[in-house]
Amino acid sequence: MDNGHEAEVSPIEERHKLDLDSLARWMKDNVEDFRGPLGAEQFGIGQSNPTYRLDAGGKRYVLRRKPPGVLLPSAHAVDREYRIIKALADSDVPVPRCHALCTDNGVIGTMFFVMEYVEGRMYPDTRMPGASVAERGGIYDAINDAAARLHKVDYKAIGLADYGKPGNFFARQIDRFTRQYRAAEIDRIEAMDRLIEALPQCMPATEETSIFHGDFKMDNMIFHPAEPRVLAVLDWELSTLGDPRADFAYTMMIWRLTPDEYRLGIAGLERRGIGIPTEAEYLAAYCRRTGRGGIENWDFFITFNLFRLASILQGIMVRAIKGNASNALAAEYGGRARAIAEIGWRQFEMMERAARRV
């Protein structure tokens, strides 16, 4: 038996309580065929935006909301999540069906949207303990296929031409995550200071533009109950228009990080014969699916994403300190920002040494 299972729910945390009467009135007016009474529990997933399972009239729904409290600028953009999931509904990318967006803070206290509940398996552990070789290999390949599908979508044709700013992607992203890191900075992390200074000096000469998920990883997906197939890609909060090579490199950071360094890391594990491909094999499969001969300067994309991840983790830690993070493990994750930044700087130094040898 593998370790895939439905996402677990628990009673709602006091700080994330919902006014169910107010919510039910809104759903009656905005969600087709809604019937009460309404019940709610909270998912343990959803590091940034509190996420709930709603039960009403024999149906299930999912609600994503902005967390309460003081928030970092441009973070927790549930309205952008709603827009992109709705736009992708008729594409080759598997996403849940969206029902409605509420921008009125008076309903439950913060902006939120409601989408369908997709029944299937989730895998919180990239090692997939207990899974068969075939199951493990199939799930990894399904993630690879979903990434390729996403990056081949004609974003203009589905109404997302203005979802981001084409061009200067890396400069804008480095600036954005530098500002978010500085806004959340508590103790100085020397490796982050070095990355902030060095990364703008080695950006790729050319850029590509596609839909950029920003957090494309195994535990942000729901898989078919019996097949190695992605039924829904979740958590679009960081999505924009950007370089697909960098988006896929985020997925592949786990090959450079050990489980101790990052909870999803698979570096240092004995993977031979268990179904998990090598980094080179996985990258080659993506390139075949997207019609590429390869990806030059691959290590830059990995290093760039380690920098992004360190900034994100720093923000999670600060939310935990302020008491508005949506997961009890936020402090643990956030405390890893320094370690990820230091790994990112080591990757940068190795990349520079390799470039000098060429």
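Computed values, structure above
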quantity	calculated
Pairs of lysine residues in the chain - Cα separation under 19 Å, sequence separation of 8 or more or cross-chain	10
Contact order normalised by residue count of the chain, Cα under 8 Å, 6+ apart, percent	18 percent
Within segment 114-146: backbone nitrogen closer than 12 Å to the ARG60 label point (7 Å, Cα to C-beta)	116-122
Semi-axes of the equivalent ellipsoid for the chain, Cα gyration tensor, largest first, Å	32, 24, 20
Trypsin sites (Lys or Arg not before Pro) within segment 82-186: DSSP coil, no more than 14 neighbouring Cβ in 10 Å	ARG97, LYS156
Amide N of segment 242-258 lying under 16 Å from the label point, which is placed 7 angstrom from the Cα of ARG346 along Cα→Cβ	253-258
With Cα atoms, 0 to 90° folded angle of helix 337-357 axis to the chain main axis	30 degrees
Stretch gain in nm, segment LYS217-ASN168, where the contour uses 0.36 nm per residue and the Cα spacing is subtracted	15.2 nm
Label-to-label distance, nm, for residues given as THR103 and CYS202 (7 Å Cα→Cβ offset)	4.2 nm
Stretch gain in nm, segment GLU119-ALA89, where the contour uses 0.36 nm per residue and the Cα spacing is subtracted	9.1 nm
Residues in segment 134-157 reached by a label modelled at ALA280 [backbone nitrogen below 15 Å; 7 Å Cα→Cβ]	none
For segment 281-307 versus segment 106-129, the gap between their alpha-carbon centres in whole angstrom	28 Å
Between helix 169-184 and the chain: long-axis angle, C-alpha atoms, 0 to 90°, nearest 10	70 degrees
Most fluctuating residue given options GLU197, GLU237, GLU135, as computed from a GNM of the chain linking Cα atoms under 10 Å	GLU197
Potential lengthening between ALA354 and LYS156 on full extension [0.36 nm per residue; Cα-Cα distance subtracted]	67.5 nm
Charge dipole (debye, nearest 20) of the chain; +1 at Cβ of Lys and Arg, -1 at Cβ of Asp and Glu	460 debye
Estimated distance in nm for a label pair at ARG15 and ARG179, the labels positioned 7 Å out from Cα along Cα-to-Cβ	2.6 nm
Around GLU352: net Lys/Arg minus Asp/Glu count, Cβ-Cβ under 15 Å	+2
Scaled radius of gyration (Cα, divided by 2.2 N^0.38 Å) that segment 144-268 gives	1.18
Residue-wise HN-Hα coupling along segment 237-253, computed from phi with Karplus coefficients 6.51, -1.76, 1.60 (Hz; x: Gly, Pro)	4, 8, 5, 6, 9, x, 7, x, 5, 6, 4, 6, 4, 4, 4, 8, 4
Helix 78-87 axis, angle to the chain major axis (alpha carbon atoms, nearest 10°)	90 degrees
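Where a number appears in this text, it was derived from the coordinates with a stated rule and is not lab data. A quick note: this is a predicted structure, and the numbers were derived from the prediction, not measured. Reconstructed Cβ throughout: ideal geometry from the backbone, glycine too, with neighbour counts over all protein chains shown.
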